[in-house]
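Student: Quick one: the structure is below, questions incoming.
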Amino acid sequence: MGSLLEEFKGKKIYCITDADFDGISSHIIAKIYIEPIVSNFLYTITGDRTMGEFIKEKSNQSDIIIFVDIAPTLILFNKLKEEGKEIFIFDHHLTSYTNLINVVDSNYYFTEEKCGCKIFFDELTAGRRKSKSIFQYVSLVDVYDRWQQQSLLWKEAKKLQSILYEYVNWFDKTLTNDDKYNVFIDRQIEKFNKEKNFYFTSYEEGLAKNAEQKRKKNLEVARSTLSIRKDNSNNSYAYFECNSKLSDIGNVILNEYEQLNYIIGHSTFLENFKKEPNGKISLRSKGDFDVSIIAKIYDGGGHAGSSGVSLPLDIFQKLRLGNLHLI
């Protein structure tokens with residue numbers, strides 16, 4: 001057993017992961033390697049980088065708090081340290097690293113050369129024989145999350161990400177983030193246990209075809225809502241809306257319009273199907289333009305070429321109408 005896993009053995013663990021493909025895959029890794037060896041395993045899957053969904057009761061029941069593909073805010077980190085909690089962070093987001101590096105003295109596993117899931121997997125399995133199927137799965141996650149379109153694995157990676165979201169029943173309001181990905185999670189673990197090589201089932205191949213049809217429809221909607229603008233710094237950007245597939249569609253549009261420095265996408269799913277207004281946006285850029293700087297202004301985060309933020313509704317509505325620019 002690896003030295004890092006030895007530190008977790010027999011302990012009470014609270015594991016927080018992001019609610020995207022990388023984060024959900026990180027949760028899978030935690031279930032495989034950590035849950036079987038600890039005395040208590042609690043978790044939260046959240047896309048809220050302000051840590052508004054951090055569960056105090058779960059933290060109180062735990063010796064060790066683990067963050068994967070997401071990091072605590074500076075305030076939360078300091079509070080947990082005051083409470084005597086041992087904290088481990090496995091993350092690749094530079095915005096979070098910049099905020100925390102001066103106060104975190106140990107157990108911060110950071111690199112931009114891997115996605116959060118791969119950082120986590122590599123550290124947990126260091127010095128151990130790795131499962132081939134799990135290694136192949138994590139490689140696909142890494143290729144997609146770091147948008148390595150030139151990789152020979154890109155097509156399979158993109159398919160896997162689509163399959164994840166096709167597994168989810170988005171219309172069941174009783175399902176929380178901690179529950180709604182369970183079918184996908186359980187199916188992948190079943191496959192790891194069944195075969196040496198990672199594979200897609202015939203059912204999953206069908207899900208992937210459905211996802212591609214949705215992508216085409218969303219691209220049509222995005223193009224119909226597209227607005228080309230200039231921000232206050234004279235950068236060219238575009239705003240669009242569609243139901244889903246924001247990252248993929250944002251990159252398609254960026255490549256279609258050479259003059260754009262960055263693009264802002266908003267998913268209308270919650271508004272259309274759950275009647276829940278929100279200010280969540282996805283930012284993508286090309287070249288040297290760093291959208292993480294924009295996200296950080298509004299307490300969001302991410303990478304230079306791909307970031308996200310949840311704007312206050314009043315600010316979002318002005319942005320939506322073109323009456324306000326983020327920079």
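The values are calculated or read from the model by the stated rules, or taken from the named source; none is laboratory data. Model, not experiment: these values are computed from the prediction. So basically every Cβ, Gly included, is an ideal-geometry build from the backbone, and we count neighbours across all protein chains shown.
Student: In the stretch 210-242, what count of residues is obtained for those that are closer than 25 Å to LYS274 by Cβ, surrounded by 19 or more Cβ atoms within 10 Å (Cβ to Cβ) and of a type outside the set (Gly, Ala, Ser)?
Tutor: Residues of the stretch 210-242 closer than 25 Å to LYS274 by Cβ: 210-227, 239-242.
Filter once more, keeping what is surrounded by 19 or more Cβ atoms within 10 Å (Cβ to Cβ): 211, 218, 222, 239-242.
If we keep only those that are of a type outside the set (Gly, Ala, Ser) too, we end up with 218, 239-242.
Qualifying residue count, the stretch 210-242: 5.
Student: Is it true that some residue in the stretch 200-217 is of a type outside the set (Gly, Ala, Ser) and either in contact with a strand residue (DSSP E or B) (Cβ under 9 Å, 6 or more places away or on another chain) or closer than 22 Å to PHE316 by Cα (or both)?
Tutor: Filtering the stretch 200-217 down to residues of a type outside the set (Gly, Ala, Ser) leaves 200-201, 203-205, 207, 209-210, 212-217.
Pick out the ones that are also either in contact with a strand residue (DSSP E or B) (Cβ under 9 Å, 6 or more places away or on another chain) or closer than 22 Å to PHE316 by Cα (or both) and you get 217.
Within the stretch 200-217 (the criterion being of a type outside the set (Gly, Ala, Ser) and either in contact with a strand residue (DSSP E or B) (Cβ under 9 Å, 6 or more places away or on another chain) or closer than 22 Å to PHE316 by Cα (or both)), the answer is yes, since at least one residue qualifies.
Student: While we're looking at this one, here's another question. Would you mind telling me which numbered condition in (1) touching a helix residue (DSSP H, G or I) at 6+ places or on another chain (Cβ under 9 Å); (2) among the hydrophobic types (A, V, I, L, M, F, W, C); (3) within 30 Å of GLY52 (Cβ to Cβ) ILE297 fails?
Tutor: All conditions pass for ILE297, except number (1).
Student: How many of the residues making up the stretch 141-156 are over 14 Å from the mean Cα position of the chain (by Cα) and either under 22 Å from TYR33 (Cβ atoms) or in a loop (DSSP other than H, G, I, E, B) (or both)?
Tutor: First, pick out the residues of the stretch 141-156 that are over 14 Å from the mean Cα position of the chain (by Cα): 148-156.
From the residues that got through so far, the ones that are either under 22 Å from TYR33 (Cβ atoms) or in a loop (DSSP other than H, G, I, E, B) (or both) too are 148-153.
Qualifying residue count, the stretch 141-156: 6.
Student: Restricting attention to the stretch 208-222, which residues are under 20 Å from GLU256 (Cβ atoms) and of a type outside the set (A, V, I, L, M, F, W, C)? If you could, list the steps in order and put the result at the bottom.
Tutor: Going residue by residue through the stretch 208-222, those that are under 20 Å from GLU256 (Cβ atoms) are 212, 214-222.
Scanning the stretch 208-222 gives GLU212, LYS214, ARG215, LYS216, LYS217, ASN218, GLU220.
Student: Here's another thing I want to ask about it. Considering only the stretch 65-103, state which residues are aliphatic (A, V, I, L, M), surrounded by 20 or more Cβ atoms within 10 Å (Cβ to Cβ) and in contact with a Gly (Cβ under 9 Å, 6 or more places away or on another chain).
Tutor: VAL68, ILE70, ALA71, listed by residue number.
Student: Tell me which residues, restricted to the stretch 243-295, are among the small types (Gly, Ala, Ser) and buried (at least 16 other Cβ atoms within 10 Å of the Cβ). Quick ask: steps written out before the conclusion?
Tutor: Of all residues in the stretch 243-295, those among the small types (Gly, Ala, Ser) come to 244, 247, 250, 265, 267, 279, 282, 285, 287, 292, 295.
Result: SER244, SER247, GLY250, GLY265, SER267, GLY279, SER282, SER285, SER292, ALA295.
Student: Could you check the stretch 71-103 and list, in sequence order, the residues that are at pLDDT below 95, farther than 15 Å from ILE119 by Cβ and not in a loop (DSSP other than H, G, I, E, B)?
Tutor: If the condition is that a residue be at pLDDT below 95, farther than 15 Å from ILE119 by Cβ and not in a loop (DSSP other than H, G, I, E, B), then THR95, THR98, ASN99 are the ones that fit.
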